[in-house]
Amino acid sequence: MSKDFGLIADDYAFFMTHATEAEHDAADYARELAGFAEGRAFVRMLDFGAGGGEFTERLLKKLAWPAEKLSLHLVEPVESQRAEAVKRLQKYATCSEAGTPAIATSARPPDASSVKPFDVVLSNHALYYVDDLAETVRGLVGLMAPGGKLLAAMASWQNTLMRLWQLGFGLIDQPVPYYAADDLTAELDHLGVPFRTSKSHYELRFPDSEQNRLRMLRFLLAEHLDEMPRDELLAFFDQHAQGGEIVMRTWSEHVVVG
Ligand SMILES: C[S@@+](CC[C@H](N)C(=O)[O-])C[C@H]1O[C@@H](n2cnc3c(N)ncnc32)[C@H](O)[C@@H]1O
């Protein structure tokens with residue numbers, strides 16, 4: 001794993017509290033999945049990079065699927081986050097059809113030969129961080145059930161925050177060690193898997209202070225921040241300063257297979 005979210009949990013929470021990203025992502029997926037559970041005896045859903053389950057809870061509240069129809073498999077490398085996600089999501093998924101648990105967890109995606117395929121494969125802002133995107137995408141597509149959907153959100157290199165990755169790693173003459181939406185669509189093209197994309201717009205707005213700018217930088221650059229010249233990174237926010245706040249309006253790409 002190339003980014004340990006266990007170490008930056010507070011900084012990530014700061015971003016989540018001050019951005020409308022999750023609300024827009026969840027609303028878009030809920031539109032995409034409207035009516036999906038109707039006529040199905042059960043829905044098996046894989047959440048790749050589930051974190052503490054906050055996002056998935058937000059989505060499941062919108063979908064309002066009967067808990068007895070849903071089973072979940074949560075993939076999350078940070079053990080404490082996995083445990084938190086199970087606690088948070090257990091009331092939304094109580095379906096244990098054919099002996100599979102209502103909620104299963106693992107640090108890595110399950111092997112397609114050892115699990116039943118999934119009707120919904122969700123990955124919300126996690127694919128940036130995998131070691132090998134080609135292998136991961138192949139694996140996730142291989143886990144889809146016939147008639148299933150894969151829904152993934154990632155920012156492209158056009159996203160304002162991605163410019164901070166480019167700036168930070170550029171300042172230390174290193175390539176950005178993470179992937180972007182552009183890489184995901186290229187992998188799907190390479191695999192010959194048809195997909196659709198759309199933009200999900202959101203706003204990030206927080207009180208402007210050096211401490212808050214640093215929180216955003218720690219969320220984005222994690223352990224690499226200590227090696228980077230900080231003043232230039234802090235100054236990046238100047239262009240987004242407005243009346244005592246930092247305001248950024250940007251977007252993520254939503255990629256849908258199926
Ligand atoms: C930006 S958070 C998104 C969490 C959640 N999906 C959400 O939307 O709030 C990225 C998540 O991906 C997880 N992650 C990092 N590397 C991963 C990997 N190689 N495989 C799966 N998940 C990974 C992190 O631990 C973190 O929980």
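Observations, loosely collected:
- Measuring against 28 Å, Cα to Cα, the residue pairs Lys87/Lys149; Lys3/Lys69; Lys116/Lys199; Lys69/Lys199; Lys62/Lys87 contain Lys3/Lys69; Lys116/Lys199; Lys69/Lys199 as the ones spanning a longer distance.
- Rounded to whole Å, sorted largest first: equivalent-ellipsoid semi-axes of the chain, Cα gyration tensor: 32, 19, 17
- With an a/c value of 1.5 or above and a/b larger than b/c for the gyration tensor axes a ≥ b ≥ c computed over the alpha-carbon atoms, segment 121-258 is described as prolate.
- The mean sequence distance of close C-alpha pairs (under 8 Å, at least 6 residues apart), as a share of the length of the chain, puts its relative contact order at 22 percent.
- Segment 107-163 shape via C-alpha gyration tensor axes, a/c threshold 1.5: prolate
- Residues whose amide H comes within less than 5 Å of that of His73, counting only those at least five positions distant or on another chain, are Met45, Leu46, Asp47, Ala104 (H built at 1.01 Å from N in the peptide plane).
- Remark: the Cα gyration tensor places segment 1-128 in the oblate category, a/c being 1.5 or greater and a/b not exceeding b/c.
- For segment 78-158, the relative contact order is 29 percent, taking Cα pairs closer than 8 Å that sit 6 or more residues apart in sequence and dividing their mean separation by the residue count.
- Each Lys or Arg adds one and each Asp or Glu subtracts one; over the other residues with Cβ under 9 Å from the Cβ of Leu72, this totals 0.
Here, each number is a calculation from the coordinates, and none is a lab measurement. Please read all numbers here as calculations on a predicted model, not as lab measurements. Here the Cβ is made from the backbone with ideal geometry for all residues, glycine too, and neighbour counts use every protein chain on show.
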